[in-house]
Number of protein chains: 2
Amino acid sequence: MKELTEKQRTVYKFLAEFMRRRGYPPTIREIGEHFGFLWSAARGHLQALERKGYVRLDRAKSRGIELRGWNMSGGLAVPVAGKVRAGKPMLAAEQSEESLFIDRALFQAEDAFALKITGDSMIDAGIWEGDYVIVKPQETIGSGEIGVVFLGDEATVKRIYVKKGEITLKPENREMEPATYRAGEVRIIGRVIGVVRKL
Amino acid sequence: MKELTEKQRTVYKFLAEFMRRRGYPPTIREIGEHFGFLWSAARGHLQALERKGYVRLDRAKSRGIELRGWNMSGGLAVPVAGKVRAGKPMLAAEQSEESLFIDRALFQAEDAFALKITGDSMIDAGIWEGDYVIVKPQETIGSGEIGVVFLGDEATVKRIYVKKGEITLKPENREMEPATYRAGEVRIIGRVIGVVRKL
DNA sequence: CTGAATAGTATACAAATGTATATATGAAAG
DNA sequence: CTTTCATATATACATTTGTATACTATTCAG
C-alpha cells in the first residue's frame, strides 16, 4: 500500500474518527466543512485515498465510504452463537441477539461468528472457560488445526486431526484423552481464528 | 426499552446486518426496497424504532441512522503501544500509528491501550506470545491482579502482589520465579482487562 | 524545463434522499 | 362503537449529495 501524504493521513484519521463516533461515514461536504475547504477538494482527497487503497468508494451512493487500511480499520460485528443447535448451527448464529465487535484487520472473515467457551478442555492451548473464540465457518479443516465440530447435538472446540475416514478430537488438556470418530459422526463447523478474553 | 413488534424486529436486524456488511447504514428507500414495500412505510418503522429507543435518527441527514440497542454496541479503537518507552509510556501509546478495534461493551475503558506480548512469562495465565493485552491505565492495582509495570526501561506484564513497601512480580510460568522489588523500583502502568489473540 | 501528483477554488447539474401529508385496513384497547 | 396503533400505499417537494469540469498554484522527479 502506497504511502499517504500528511494531508491525506489527516483526512483518513478524520474518517475513522467520524465513523467511530457516529456509526456512519461523513458526506464529502462534511469532510470539506470540517477542514475548512470546499468539498470538491475533499473529493480529490477521497479519490487519492481510493487510488492508494485505503478506502473504497461506493459510487453514486451517499456516504458510500468504506475504510480499508490495516492500521485503523473499522470494527466488524460478529454474531455470538449463544446456543448452537444441532443441524442448523449457522441459522442459530444468524438469529443471535448478541454480537461482538472484533477487529476487521485482525480477523478477516466477513461471515465469522463467535462462540463462548464452556469447560476447560482447551486450557493448554490458552483457551479458557468464558473466552470467546472467533470462528470462520468452513466444512473442512487442516489436520492439527483448532476447530469447532458438532458431536451429537453439541458444538465443541477441539484440536482436530483428520485421517482418511477418521477424525480425532484432541482436547488441549493434559488430563483429557483424545477421542477418534468415524467421519460421519462429527461435522466440522469451522476453524478457530481468534480468541477474545475479558478479565 | 419497549418491546418491538415482529416487523420492527426484522427491520432492526436488517439494519444491523446491513451496517455489519457495508460499514454504513441504509437509506430509507433501501430499507423499503429490501422488504418489498414503499419507503414511506420504512420511514414509519424507523420512527417507531426511534420512539422505542432502539435507534437514533439524525434528522435530514442521509443514512443518518445510529443503532443503540445493547446487542450492537460500537467498537472502540485503542492504540497499540508498539514500543512503550520508559518515562513516557502513555505518550508513546498516543503517538502510535497502529490501533486495534475492540468491543466497547466488553472492555469499558475509553482510555485503554493495547500491548503486544513478547515472551511466554504469562503462559499459565493463558496469555501467549503474540497476544494483545488490553490495558486500562491506572497507577495502583489490587494485589493478585495482572498488570503492566515498568521495570528499568521496559514494560512487562506480570501478576502483581502488593505488600507495604514491596511489590512482587510473579510470572505465570512454572519455570520462572517471582521477584520482589522495592516500591520505588517499579512503576505500575495499568491493569490488564482483556486479551485478544489471532490464530 | 516538463510532466505528474498534490491541493485548492468555483460552479453547474442530475440523482439520491429525507420530510410531510392524505388515505386505508386490521387489530387491539377502552 | 370509537380510538389508537401498526402497517402500508401514494404523491409532492425541498434538500442533500455525488459527479463532472474548468482553472490556479505548488512541489518534486526526471
Handout entry: Considering residues of region B:153-199 that are hydrophobic (A, V, I, L, M, F, W, C) and outside any strand (DSSP E or B) only, the residue most open to solvent (accessible area, probe 1.4 Å)
Key = B:L199
Exercise for the section: Could you grab me the full set of residues in region B:159-199 that are within 14 Å of chain A (Cβ to nearest Cβ) and more than 19 Å from the chain's Cα centre (by Cα)? Expected result: B:R159, B:I160, B:E172, B:N173, B:R174
Problem - Which listed residue, of A:F101, A:F107, A:F113, A:F150, is facing chain B (nearest Cβ under 10 Å), at pLDDT below 85 and open to solvent by less than 30 Å² (accessible area, probe 1.4 Å) - result: A:F107
Problem - When residues of region B:1-39 are limited to those that are within 11 Å of chain A (Cβ to nearest Cβ) and touching a Leu at 6+ places or on another chain (Cβ under 8 Å), the one surrounded by the most Cβ atoms within 10 Å (Cβ to Cβ) - result: B:P25
Handout entry: Restricting region A:1-59 to residues that are of a type in the set (K, R) and within 9 Å of DNA strand D (Cβ to nearest atom), the residue that is nearest to B:S62 (Cα to Cα)
Key = A:R29
Exercise for the section: Select from region B:40-55 the residues that are away from DNA strand C (no atom under 13 Å from the Cβ) and surrounded by 15 or more Cβ atoms within 10 Å (Cβ to Cβ) and list them in ascending order. Expected result: B:K52, B:Y54
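The values are calculated or read from the model by the stated rules, or taken from the named source; none is laboratory data. The model shown is predicted, which means the values in this text are computed figures rather than measured ones. Cβ atoms come from the backbone with ideal geometry, glycine included; neighbour counts cover every protein chain shown. Quick note on the areas: whole protein, heavy atoms, side chains included, nothing else; ligands and nucleic acids left out. Shrake-Rupley method; radii C 1.70, N 1.55, O 1.52, S 1.80 Å.
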